Amino acid sequence: DMGPLYINELMAANTEMVADENGEWDDWIEIYNAGEEAVDLGGMYITDDLENPTFYQIPLGHSVETTVPAGGFLLLWADKQMEQGPLHVNIKLSANGEAVGLYASDDMGNAVLDAFNFPALNDDQAYGRTVDGGTSLQTLETPTPGTSNN
């Protein structure tokens, strides 16, 4: 049982909201673990093309970095700079709006954990769930990368 994971919040035009560990202002995707056990994202897939669910596999063997604590959050950097570490994924988010999906690490890679389309976003505008793991998605007045949307 993998536990309920959600794409909880994202930013497609991060200019001064939150910098990665290298001081770069990259797009980001926040994953929320609503479950009662930590979940390692290693081996799961993230994509910005829902027709290609296995576009990018989050690296295995980095569980210290890639594990989302129970009830906690983890930021993935959508910067196409994989050499910067296992949380840097091979997609970038379009500020004109597009899709994003997180898929399980089964052989086919087609077990969707969470996926949705997001609209065009302004600089430093976040889009996500109005409550953590909730069903309602909208632009968020105040971005909360790595913390609760509630």
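The values are calculated or read from the model by the stated rules, or taken from the named source; none is laboratory data. Remember, predicted model here, so these are calculated numbers, not experimental data. For neighbour counting, all protein chains shown are included, and Cβ atoms are generated from backbone atoms with ideal geometry for every residue, glycine included. Areas reflect the complete protein model, heavy atoms only, side chains present, ligands, DNA and RNA absent. Shrake-Rupley method; radii C 1.70, N 1.55, O 1.52, S 1.80 Å.
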With the structure loaded, tell me whether residue 115 is touching a Leu at 6+ places or on another chain (Cβ under 6 Å), within 19 Å of residue 51 (Cβ to Cβ) and without any contact (Cβ under 8 Å) to a residue 60 or more places away in the chain or whether it fails that test.
no
In the set 54, 15, the lone residue that is within 26 Å of residue 138 (Cβ to Cβ) and open to solvent by 30 Å² or more (accessible area, probe 1.4 Å) is 15
Test: residue 68 is out of contact with any Gly (no Cβ under 6 Å at 6 or more places or on another chain), among the hydrophobic types (A, V, I, L, M, F, W, C), loosely packed, with under 14 Cβ neighbours inside 10 Å and at pLDDT 95 or above
no
Out of 122, 117, 150, I need the residue that is in contact with a strand residue (DSSP E or B) (Cβ under 6 Å, 6 or more places away or on another chain) and not small (Gly, Ala, Ser). Which one?
117
Test: residue 75 is at negative phi, free of Cβ contacts under 8 Å to residues at least 40 places away in the same chain and surrounded by 14 or more Cβ atoms within 10 Å (Cβ to Cβ)
no
If you go through segment 18-45, how many residues are under 16 Å from the mean Cα position of the chain (by Cα), within 14 Å of residue 145 (Cβ to Cβ) and not in a strand (DSSP E or B)?
5
Going through segment 9-32 one residue at a time, which ones are of a type outside the set (A, V, I, L, M) and over 16 Å from residue 87 (Cα atoms)?
14, 15, 16
Within segment 107-129, residues being surrounded by 13 or more Cβ atoms within 10 Å (Cβ to Cβ) and part of a loop (DSSP other than H, G, I, E, B) number 8
